[in-house]
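**Student:** First the structure, then my questions, so here it is.
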Amino acid sequence: MAAKARIAVLRAALSNTSKPCIAMSAHNPLSAKLAAEAGFPAIWASGFELSASYAVPDASILPMSAHLEMARSGNPFLPPALYFSCSSQAVAETVNIPIIADIDTGFGNAVSVAYNVPKFEAAGASAVVMEDKTFPKDSSLRSGGRQVLVSIEEFQGKIEAAKASCKLGMLIIARTEALIAGLGEEEALKRGMAYVDAGADAILIHSKQRTPDEIISFCKAWNGKVPLVIVPTAYPKLSFAEVGGLNKVGLIICGNHAIRSAVAGMRSTFKKILDEGGIAGVEKDIASVKEIFELQGDAHMRELERKYLR
Ligand code: SPV
Ligand code: MG
């Protein structure tokens with residue numbers, strides 16, 4: 001599927017608010033491939049996961065190039081059938097489903113955005129999510145984090161710059177951190193509406209309250225003409241079906257489940273090996289070497305060997 005077709009698929013999915021699209025997080029091509037294999041229709045190229053995979057805080061520590069490389073698109077010479085079998089490619093090269101790239105604050109001001117956003121479109125992302133926090137950002141999920149927002153006007157300028165810089169119509173999802181910053185629903189609604197006026201294709205409304213009340217109330221009050229996006233990490237009990245019932249949310253992002261499951265899996269394996277003084281006990285719990293070969297696209301390389309190695 002070409003980049004433009006992936007954008008169209010994501011746009012259509014976002015508009016179906018009675019059955020929201022579910023994106024799974026990824027921090028590298030392998031996690032994206034596993035998410036696609038499991039059946040998720042879209043990938044969230046998460047800044048939180050990327051930072052965690054480098055063992056640094058999600059606080060604008062990593063450069064834009066790290067985010068861009070994670071989201072990088074397919075080699076144009078790759079036929080779609082090979083997307084699932086190619087190794088050593090970045091996320092958009094590895095999966096043939098829409099990638100939603102997390103670009104944090106856009107890595108600077110509106111001028112930076114005008115230069116940076118088209119790189120993500122050229123890399124094959126179908127959407128970017130840009131948040132209205134000041135640079136350098138802090139993680140929304142961190143208690144007591146630095147949550148200072150830019151003015152509405154400044155962020156509108158960033159959205160306009162992002163929209164104008166895209167050639168293929170990549171979606172610009174504007175994310176307001178008003179609830180995260182404790183500014184309340186009225187401010188969050190005001191910001192959401194202003195960002196729609198500036199051209200945002202969807203509004204991501206984030207909350208770190210332990211119950212979904214704040215988000216449900218926002219969704220009910222929302223009468224903007226674009227769909228909402230949510231990341232229910234902090235309020236996991238809200239089911240996808242309940243979100244569909246609200247009929248306002250087009251995309252639910254599972255924000256960090258790839259890295260958290262990887263960490264839990266590695267911790268348990270590493271501990272068992274040291275506790276048991278050998279590797280035999282973990283064999284049944286971990287992926288086989290054969291499975292890893294398959295994920296590496298070994299069959300494709302064998303084909304190339306047969307064809308070209310003389
Ligand atoms: C991410 O996954 O990087 C996000 C979502 O932006 S959150 O970590 O909840 O801010
Ligand atoms: Mg992020």
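**Student:** Kindly indicate whether LEU251 is open to solvent by less than 100 Å² (accessible area, probe 1.4 Å) and touching a residue at least 40 places away in the same chain (Cβ under 8 Å).
**Tutor:** Yes; evaluated as a whole, the condition is true for this residue.
**Student:** Name the single residue that is farthest from the chain's Cα centre (by Cα) among those in the range 193-213 being surrounded by 20 or more Cβ atoms within 10 Å (Cβ to Cβ) and free of Cβ contacts under 8 Å to residues at least 40 places away in the same chain.
**Tutor:** PRO212
**Student:** For the condition open to solvent by less than 30 Å² (accessible area, probe 1.4 Å) and of a type outside the set (Lys, Arg), what is the one hit in PHE218, PHE240?
**Tutor:** PHE218
**Student:** Please indicate, with yes or no, whether at least one residue in the range 198-213 is closer than 23 Å to SER46 by Cβ, assigned to a helix (DSSP H, G or I) and either away from ligand 2 (no atom under 16 Å from the Cβ) or in contact with a helix residue (DSSP H, G or I) (Cβ under 6 Å, 6 or more places away or on another chain) (or both).
**Tutor:** no
**Student:** Still on this model: Mind checking which residues of the range 140-179 are at pLDDT below 95 and surrounded by fewer than 16 Cβ atoms within 10 Å (Cβ to Cβ)?
**Tutor:** Within the range 140-179, ARG142, SER143, GLY144, ARG146 meet the criteria.
**Student:** Okay, moving on. Only one of these conditions is not met by PHE135: (1) within 20 Å of TRP44 (Cβ to Cβ); (2) in a loop (DSSP other than H, G, I, E, B); (3) away from ligand 1 (no atom under 12 Å from the Cβ); (4) not hydroxyl-bearing (Ser, Thr, Tyr). Which number is it?
**Tutor:** Against the list (1) within 20 Å of TRP44 (Cβ to Cβ); (2) in a loop (DSSP other than H, G, I, E, B); (3) away from ligand 1 (no atom under 12 Å from the Cβ); (4) not hydroxyl-bearing (Ser, Thr, Tyr), PHE135 comes up short only on (1).
**Student:** Now for a different question. With a cut-off of at least 1 residues that are modelled with pLDDT under 75 and either hydroxyl-bearing (Ser, Thr, Tyr) or away from ligand 1 (no atom under 16 Å from the Cβ) (or both), name the helices (runs of 4 or more DSSP H) lying wholly within the range 37-94.
**Tutor:** Per the criteria, 91-94.
**Student:** Take the residues in the range 1-26 that are outside any strand (DSSP E or B) and buried (at least 24 other Cβ atoms within 10 Å of the Cβ); name whichever of them is farthest from ligand 1 (Cβ to nearest atom).
**Tutor:** My answer is ARG6.
**Student:** Given the conditions (1) within 25 Å of THR211 (Cβ to Cβ); (2) at pLDDT 95 or above; (3) surrounded by 15 or more Cβ atoms within 10 Å (Cβ to Cβ), report the number of the one that GLY184 does not fulfil.
**Tutor:** Going through the list (1) within 25 Å of THR211 (Cβ to Cβ); (2) at pLDDT 95 or above; (3) surrounded by 15 or more Cβ atoms within 10 Å (Cβ to Cβ), GLY184 breaks only (3).
**Student:** Would a scan of the range 109-120 turn up a residue that is modelled with pLDDT of 95 or more, small (Gly, Ala, Ser) and either not assigned by TED's automatic domain parsing to the domain that holds ILE173 or not in a helix (DSSP H, G or I) (or both)?
**Tutor:** Scanning the range 109-120, I find no residue that is modelled with pLDDT of 95 or more, small (Gly, Ala, Ser) and either not assigned by TED's automatic domain parsing to the domain that holds ILE173 or not in a helix (DSSP H, G or I) (or both), so the answer is no.
**Student:** Report, ordered by the first and then the second residue, all pairs with beta carbons closer than 6 Å, sequence separation of six or more or different chains, a first member in the range 44-55 that is farther than 13 Å from SER261 by Cβ and open to solvent by 50 Å² or more (accessible area, probe 1.4 Å), and a second member that is near ligand 1 (Cβ under 8 Å from one of its atoms) and not aromatic (Phe, Trp, Tyr).
**Tutor:** So the pair list comes out as PHE48/ASP58; PHE48/ASN256.
**Student:** Across the range 103-131, what is the total count of residues that are within 13 Å of ligand 2 (Cβ to nearest atom) and open to solvent by less than 10 Å² (accessible area, probe 1.4 Å)?
**Tutor:** So the answer is 8.
**Student:** Residues being among the hydrophobic types (A, V, I, L, M, F, W, C) and outside any loop (DSSP other than H, G, I, E, B): count how many of those fall in the range 231-240.
**Tutor:** Going through the range 231-240 one residue at a time, the tally reaches 2.
The values are calculated or read from the model by the stated rules, or taken from the named source; none is laboratory data. Computed from a predicted structure; not experimentally measured. Please note: Cβ atoms are built from the backbone with ideal geometry, for glycine as well, and neighbour counts cover all protein chains shown. Each accessible area value is taken on the protein alone, full model and side chains, heavy atoms only, with ligands, DNA and RNA left out. Shrake-Rupley method; radii C 1.70, N 1.55, O 1.52, S 1.80 Å.
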